[in-house]
1. Just to be sure I understand the model, the point goes 7 Å from the Cα along the line to the Cβ. What's the resulting ASN43 to THR145 distance in nm?
2. Please list, in order along segment 196-203, the HN-Hα scalar couplings obtained from phi with the Karplus expression 6.51 cos²θ - 1.76 cosθ + 1.60 (θ = phi - 60°), rounded to whole Hz, x for Gly and Pro.
3. Between segment 135-161 and segment 170-234, how far is it from one alpha carbon centroid to the other, in angstrom?
4. State the extension gain, in nm to one decimal, for the chain segment bounded by LYS100 and ARG211, taking 0.36 nm per residue of separation less the distance between their alpha-carbons.
5. So which of LYS37/LYS124; LYS124/LYS263; LYS31/LYS71; LYS124/LYS174 end up more than 29 Å apart, counting from Cα to Cα?
6. LYS71 label point, 7 Å along Cα→Cβ, cut-off 13 Å on backbone N: hits in segment 99-126?
7. I want to check the label-to-label distance for SER156 and GLU198. Put each point 7 Å from Cα in the C-beta direction and report it in nm to one decimal.
8. Counting only other residues whose beta carbon sits under 13 Å from that of ALA88, what net charge do I get with K and R as +1, D and E as -1?
Amino acid sequence: MKVYKPRTPSRRHMTVINYREVLTRSKPEKKLTFGRKRYVGRNSFGRITTRHKGGGAKRLWREVDFIYDKKNIPAKVESIEYDPNRSAFIGLLVYADGEKRYALLPAGVSLGEEVITSETAPLKKGNRMLLKNIPVGYQIYNVETYSGQGAKLVRSAGSFAEVLAQDFPYTQIKLPSGEIRKVLSNSWASLGQTSNEENNLVNIGKAGRSRHLGIRPTVRGSAMNPVDHPYGGGEGRALRGRRRPINRWGKGVRGVKTRNKKKYSKMLILRRRTK
C-alpha cells in the first residue's frame with residue numbers, strides 16, 4: 001500500500017495500491033477495447049433502481065474472457081494490467097495459436113507464466129479445470145454455475161472459494177460470504193485466489209475520489225424532509241421516532257429477512273451470515 005504525507009486533511013488517511021510494483025503495462029490492447037455506455041443505476045426505462053451512482057471518470061471497456069472456450073491450448077501471460085471496470089487485475093494472455101485475450105489473473109502470477117484450460121491441467125494457480133478434478137481444500141475463483149455458461153462466481157479482488165467435498169454430480173464449495181452451496185461437478189473453475197488482495201485495505205480519503213469512482217453522496221434520512229423519508233422533518237435534531245428502523249420506502253432494515261419465504265434452492269447447504 002502507498003501512503004501519503006498529510007499535507008492536507010484529506011491526504012492524512014488516504015491510501016492507494018502501489019501499482020508500479022505490480023502492473024507491467026499502462027495502455028491496454030487496442031483490439032480488445034471499445035467504448036461502452038454506463039447505465040449508472042438506471043434500468044431499461046431510465047429509472048433509478050440503484051441510488052448513489054453516476055458521474056465519474058470516463059472508462060474504456062476491456063473485453064475480458066470469462067467463457068474460456070480455448071481448451072487444451074497453452075497461453076502465456078504477456079502483461080499485467082489495471083482495469084477500471086473491476087477490482088481485480090487483468091492479464092493479456094497470448095495463446096500458442098497467436099490469439100490474444102484478456103483474463104482475470106490470480107494472485108502471485110508473474111510475466112511469462114503459462115496457463116491452460118484443460119480437463120487434465122496440472123494443479124497450478126491460473127490453470128482452469130473441471131470442479132470434479134480439483135482436490136478438496138484447494139482455493140478456486142472464476143467459478144461457473146453451469147458448464148459452458150462462463151465464470152459467474154468469485155471474481156472480485158482478493159476473493160476465493162474453497163472446495164469442501166466431492167459428491168458427484170455436485171461439488172460442495174464455500175463462497176467468500178461463508179455460504180456453502182453445491183455446484184455441478186462438470187462446471188469449470190480456475191485455481192488460486194483472485195489478484196489485488198490489498199484492495200480491501202484502500203482508504204478513499206476524500207469525497208472527490210469517490211466522485212471520480214462514480215459514487216454519489218449518501219444523505220441521511222434524518223436530514224431530509226418528511227416528504228422524502230420517514231425519518232425526515234422535526235425541529236432540530238430528532239430521534240428516529242419509531243420502534244424499528246426502516247428505509248426510505250418503509251421496508252424494515254438491519255437484520256430483517258427480506259428473502260421470499262416460498263423461494264428455495266436445492267443447491268444451498270448453509271446460508272451466509274447476515275450479521
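1. So the two model labels end up 1.9 nm from each other.
2. 6, 5, 7, 4, 6, 8, 5, 9
3. 18
4. Details: separation 111, 0.36 × 111 = 39.96 nm, distance 3.35 nm.
Between LYS100 and ARG211, full extension yields 36.6 nm more.
5. Details: LYS37/LYS124 37 Å; LYS124/LYS263 38 Å; LYS31/LYS71 22 Å; LYS124/LYS174 20 Å.
The pairs that break the limit, which is 29 Å between Cα atoms, are LYS37/LYS124; LYS124/LYS263.
6. Backbone N within reach: 117-121.
7. Going from the SER156 label point to the GLU198 one covers 2.0 nm.
8. Details: positive: ARG62, ARG86, ARG155; negative: GLU81, ASP83, GLU197, GLU198.
Once positives and negatives cancel, what remains is -1.
Throughout, read-outs are computed from the coordinates displayed, never taken from laboratory work. These numbers were taken from a predicted model, which means no experiment stands behind them. We place every Cβ from the backbone using ideal geometry, glycine too, and count neighbours over all the protein chains shown.
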